[in-house]
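A.B. asks: Mind looking over this structure? Questions follow.
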Amino acid sequence: MSETVSFESMHGLMFSVSGPSGVGKGTIIKEIKKIYPDCGHSISVTTRRPRGTEKDGVDYYFRSATEFEKLCIEGEILEFDEYVGNFYGTPATPLLKMTECGRDVLLDLTIAGSMALKKKFSQAVTIFILPPSLEVLENRLVGRGTEDRELVNRRLEKAREEILNANGFDYVVINDELSDTVRKVEAIMIAEKCRYFRHSGIEKKFI
Ligand code: 5GP
C-alpha cells in the first residue's frame, strides 16, 4: 500500500460568498464559522471607513487609498474591486498560508472579486447569495441603520446590477430563513470537499 497518498485533500478550499450589500453574507459566514471553528476567514483591506462597531483587523483592515495602492504595487493584494466609491482587496499572504496548511477559507467578495479569484484559482468555489426580493433587501439595508438614505439607494442600485450579472457562479442560495441558508451553504461545502477530483490518487490507497 502506498504511504504517500492521503485520504484527505492536501489543500484547504476557498469558498467565495458574493451577493448584494445587506443580503446577509457576513452573518452567514459567522454562522458557518460557529459550525466549523477551524474554517478561516479572509479579512479584506478596504479604503472605506469603519461602520458601527467594526474593528480594524477584525472586520477589515481599514487603510487609506495611498496605503491600499502601495499594497497592490507590492503584490500583496490578490484581487481587488471598487465598490460604491471605495476599494476592497484580498490580502494574498494570509489566504495562501491558511489554504496551504489545509484550512478551508471563506471570502466575502464582490461579484467581480469572486470571478477574479476563480480565474486565479480554478478550484475555488463561488456561491451567490440572493435576497428573497429587492423589497426585503431594501428593508434590511434601511433597518441596519449604518448608512444614510443616499448610500442605501446607491447600494440598492448596485444590487440590481449585481443580480443581473451573477451568471458564472457555481451555486446560488436564496437567503430567506437564515438557518436554512446556512444548512445549504454547509451542504455545498461538504459536497465540494467530497468531489472525486479533489482526492486524486485515492484509489491507490486500496492497491
Ligand atoms: P461592505 O462595505 O458592505 O462591507 O462591502 C461592500 C462589498 O465589498 C461587499 O459586496 C463585499 O462582498 C465586498 N468586499 C469585501 N471585501 C472584498 C475584497 O477583498 N474583494 C472584493 N472584490 N470585494 C470585497
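A.B. asks: How much length is gained if the chain between residue 51 and residue 188 is pulled fully straight, taking 0.36 nm per residue apart and subtracting their Cα-Cα distance, in nm to one decimal?
C.D. replies: 46.3 nm
A.B. asks: With axes computed from alpha carbons, what is the tilt in degrees of helix 111-120 against the longest principal axis of the chain, rounded to the nearest 10 within 0 to 90?
C.D. replies: Approximately 30 degrees, to the nearest ten.
A.B. asks: Can I ask one more? Leaving ligands, DNA and RNA out of it, report the carbon-plus-sulfur percent of the accessible area of the chain at a 1.4 Å probe.
C.D. replies: 55 percent
A.B. asks: In debye, nearest 20, what is the charge dipole magnitude of the range 62-177 about its Cα centre with +1 on Lys and Arg Cβ and -1 on Asp and Glu Cβ, if you could check?
C.D. replies: The dipole magnitude comes to about 180 debye.
A.B. asks: Sort 130-140, 77-87 by packing, meaning the average of other beta carbons within 10 Å per residue, with the highest value first.
C.D. replies: The packing order, highest mean first, is 77-87, 130-140.
A.B. asks: If you put +1 on each Lys and Arg Cβ and -1 on each Asp and Glu Cβ, how big is the dipole of the chain around its Cα centre, in Debye rounded to 20?
C.D. replies: Computed charge dipole of the chain: roughly 240 debye.
A.B. asks: Specify which residue in the list 80, 50, 37 is farthest towards the positive end of the charge dipole of the range 1-110, using unit charges on the beta carbon of Lys, Arg (+1) and Asp, Glu (-1), about the Cα centre.
C.D. replies: Highest projection toward the positive end goes to 50.
A.B. asks: On to the next question. For a test of the definition: using alpha carbon positions, the gyration tensor, and the 1.5 limit on a/c, classify the range 51-207 as rounded, prolate or oblate.
C.D. replies: oblate
A.B. asks: Select from 166, 112, 187 the residue whose mean-square fluctuation is largest in a Gaussian network model of the chain (Cα-Cα springs shorter than 10 Å).
C.D. replies: Highest fluctuation of the listed residues: 187.
A.B. asks: Say we join alpha carbon atoms closer than 10 Å with springs in a Gaussian network model of the chain; which of 160, 63, 103 then has the biggest fluctuation?
C.D. replies: Highest fluctuation of the listed residues: 160.
A.B. asks: With a/c under 1.5 counting as rounded, go ahead and sort the range 22-98 into rounded, prolate or oblate using the C-alpha gyration tensor (a ≥ b ≥ c being the square roots of the eigenvalues; past the cut-off, prolate if a/b is larger than b/c, else oblate).
C.D. replies: Here the range 22-98 falls in the oblate category.
A.B. asks: Then there is this: Mind checking which lysines have their C-alpha under 24 Å from residue 55, skipping anything on the same chain fewer than 8 residues away?
C.D. replies: Once the sequence-local lysines are set aside, what remains near residue 55 is 25, 30, 33, 34, 70, 97.
The values are calculated or read from the model by the stated rules, or taken from the named source; none is laboratory data. Because the structure is a prediction, the values reported are computed rather than measured. Positions of Cβ are backbone-derived with ideal geometry, glycine not excepted, and every protein chain shown enters the neighbour counts. Keep in mind that these areas ignore ligands, DNA and RNA; they rest on the heavy atoms of the full protein, side chains included. Shrake-Rupley method; radii C 1.70, N 1.55, O 1.52, S 1.80 Å.
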